[in-house]
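Asks: Provided herewith is a single structure, encoded as structure tokens, for subsequent inquiry.
The values are calculated or read from the model by the stated rules, or taken from the named source; none is laboratory data. These numbers were taken from a predicted model, which means no experiment stands behind them. When we count neighbours, we look across all protein chains shown, and the Cβ atoms used for this are built from the backbone with ideal geometry, even at glycine. Remember, those area values only see protein heavy atoms, side chains included, never the ligands or the DNA or RNA. Shrake-Rupley method; radii C 1.70, N 1.55, O 1.52, S 1.80 Å.
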Amino acid sequence: MTVVKRYLTRDKDSRDLRDVHSNPEFYDKGIDLVLNLPNAQKRTIDLKVDSYIGSDPSRKIRGLCNPDSGFILLETISQLQYDRSRNSTNGTLPVRQKADVPGWFFTSSADEVYYYFLALLNTENQLNPLYAEYVELVKGNQSTDEVENRLLRELRVDRDLLVSFSLSEARAWYDAAPETVFHGYAPAPNPSYLTLSKRVKRDLFISNGIGKSHGSIFSLVKPKSVSR
């Protein structure tokens with residue numbers, strides 16, 4: 001969040017960007033950032049972060065640094081419930097109690113998705129104290145600028161890549177796209193449900209004109225004293 005915010009405001013007044021990811025008013029809208037544009041217009045952004053872009057294929061640290069998957073994950077089902085009927089209906093098992101929940105790809109009301117691949121070499125122990133400070137400041141509705149500045153000085157980034165896309169255009173493309181741009185699903189199991197994301201080949205998503213690659217952005221926002 002910090003890196004993308006600084007990237008979006010590097011040539012602008014920082015007041016033109018509102019961080020609303022902790023504002024309950026925006027929870028069900030799937031909106032993390034609101035960017036003020038000329039002529040009193042606004043652009044709303046849903047930010048997704050993916051750690052699967054590490055440069056070393058043998059390095060795999062959950063949430064920090066992983067081999068590059070080459071995929072963008074479009075969450076189509078947020079909660080596929082485990083509690084289902086034992087009797088099949090047309091080859092499916094109907095939900096018993098709670099209904100399945102569509103994923104952010106279909107429910108977010110943001111104008112754009114900023115999909116940030118970020119592989120960090122820091123350990124969780126190094127970053128947790130800064131995160132704890134950040135959380136307390138957010139709870140107290142206080143400025144997080146100072147702790148974010150310290151965070152940027154501490155971050156050790158292996159690789160990063162920002163891809164953005166219009167959500168409405170991506171939805172229209174998704175319905176007509178050939179199966180060659182997809183590569184199955186990525187499941188994420190939880191105690192009572194399963195989250196499913198369609199795996200989209202990143203290079204084809206960009207070359208087809210749906211996704212826009214911003215390249216590596218950390219180098220544009222890191223303090224000059226940081227070497228990596």
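Asks: Please list, ordered by first then second residue, the pairs with beta carbon atoms under 8 Å, 6 or more apart or interchain, first in the stretch 76-105 and on the phi > 0 side of the Ramachandran plot and among the charged types (D, E, K, R), second assigned to a strand (DSSP E or B) and open to solvent by less than 50 Å² (accessible area, probe 1.4 Å).
Replies: Sorted first by the residue in the stretch 76-105, then by its partner, the list stays empty.
Asks: May I ask you to say which residue of Tyr185, Tyr174, Tyr193 is open to solvent by 60 Å² or more (accessible area, probe 1.4 Å), aromatic (Phe, Trp, Tyr) and out of contact with any Cys (no Cβ under 9 Å at 6 or more places or on another chain)? Step through it out loud before you land on a result.
Replies: Details: Tyr174 fails: open to solvent by 60 Å² or more (accessible area, probe 1.4 Å); Tyr193 fails: open to solvent by 60 Å² or more (accessible area, probe 1.4 Å).
After applying the criteria, what remains is Tyr185.
Asks: Scan the stretch 74-91 for residues that are open to solvent by 50 Å² or more (accessible area, probe 1.4 Å), in a strand (DSSP E or B) and over 16 Å from Tyr193 (Cα atoms) and jot them down.
Replies: Within the stretch 74-91, Thr89 is the sole residue that qualifies.
Asks: I'd like to verify a number: residues in the stretch 143-158 that are surrounded by fewer than 15 Cβ atoms within 10 Å (Cβ to Cβ) and touching a Pro at 6+ places or on another chain (Cβ under 8 Å), how many?
Replies: Residues in the stretch 143-158 being surrounded by fewer than 15 Cβ atoms within 10 Å (Cβ to Cβ) and touching a Pro at 6+ places or on another chain (Cβ under 8 Å): 2 in total.
Asks: Quick test for you: out of Glu136, Glu179, pick the one residue that is over 21 Å from Phe106 (Cα atoms) and at pLDDT below 95.
Replies: Step by step, each of Glu136, Glu179 is checked, and only Glu136 is over 21 Å from Phe106 (Cα atoms) and at pLDDT below 95.
Asks: Let me ask something else about it. Every residue in the stretch 55-65 that is closer than 30 Å to Val20 by Cα and either modelled with pLDDT of 95 or more or open to solvent by 70 Å² or more (accessible area, probe 1.4 Å) (or both), please.
Replies: Once the filter is applied, which keeps residues that are closer than 30 Å to Val20 by Cα and either modelled with pLDDT of 95 or more or open to solvent by 70 Å² or more (accessible area, probe 1.4 Å) (or both), the stretch 55-65 yields only Arg62.
Asks: Hey, could you check the stretch 1-36 for residues that are in a loop (DSSP other than H, G, I, E, B) and touching a helix residue (DSSP H, G or I) at 6+ places or on another chain (Cβ under 8 Å) and say which is surrounded by the fewest Cβ atoms within 10 Å (Cβ to Cβ)?
Replies: Quick first cut of the stretch 1-36, residues in a loop (DSSP other than H, G, I, E, B) only: 1, 9-13, 20-23, 30-32.
Right, trim to touching a helix residue (DSSP H, G or I) at 6+ places or on another chain (Cβ under 8 Å) and you get 9-10, 20, 22, 30, 32.
Numbers: Thr9: 15, Arg10: 11, Val20: 17, Ser22: 14, Gly30: 19, Asp32: 24.
Ranking the candidates gives Arg10 first.
Asks: If you don't mind, another one. Being in contact with a Leu (Cβ under 7 Å, 6 or more places away or on another chain) and closer than 25 Å to Gly30 by Cβ is the filter here; which residues of the stretch 85-102 pass it? I'd like the intermediate steps shown before the answer.
Replies: Here is the first cut: in the stretch 85-102, the ones in contact with a Leu (Cβ under 7 Å, 6 or more places away or on another chain) are 85, 100.
Residue satisfying the conditions is Asp100 alone.
Asks: Restricted to the stretch 60-77, and to residues that are more than 12 Å from the chain's Cα centre (by Cα) and hydrophobic (A, V, I, L, M, F, W, C), which residue is farthest from Asp160 (Cα to Cα)?
Replies: Checking each candidate, the answer is Ile77.
Asks: Which condition from (1) within 24 Å of Leu161 (Cα to Cα); (2) in a loop (DSSP other than H, G, I, E, B); (3) not charged (D, E, K, R) is the one that Gln97 breaks?
Replies: For Gln97, the exception is condition (1).
Asks: Then there's this: Are any residues in the stretch 133-142 part of a helix (DSSP H, G or I) and open to solvent by 50 Å² or more (accessible area, probe 1.4 Å), and if so, which ones?
Replies: Kept after step one, since they are part of a helix (DSSP H, G or I), are these residues of the stretch 133-142: 133-139.
Selection gives Glu133, Glu136, Lys139.
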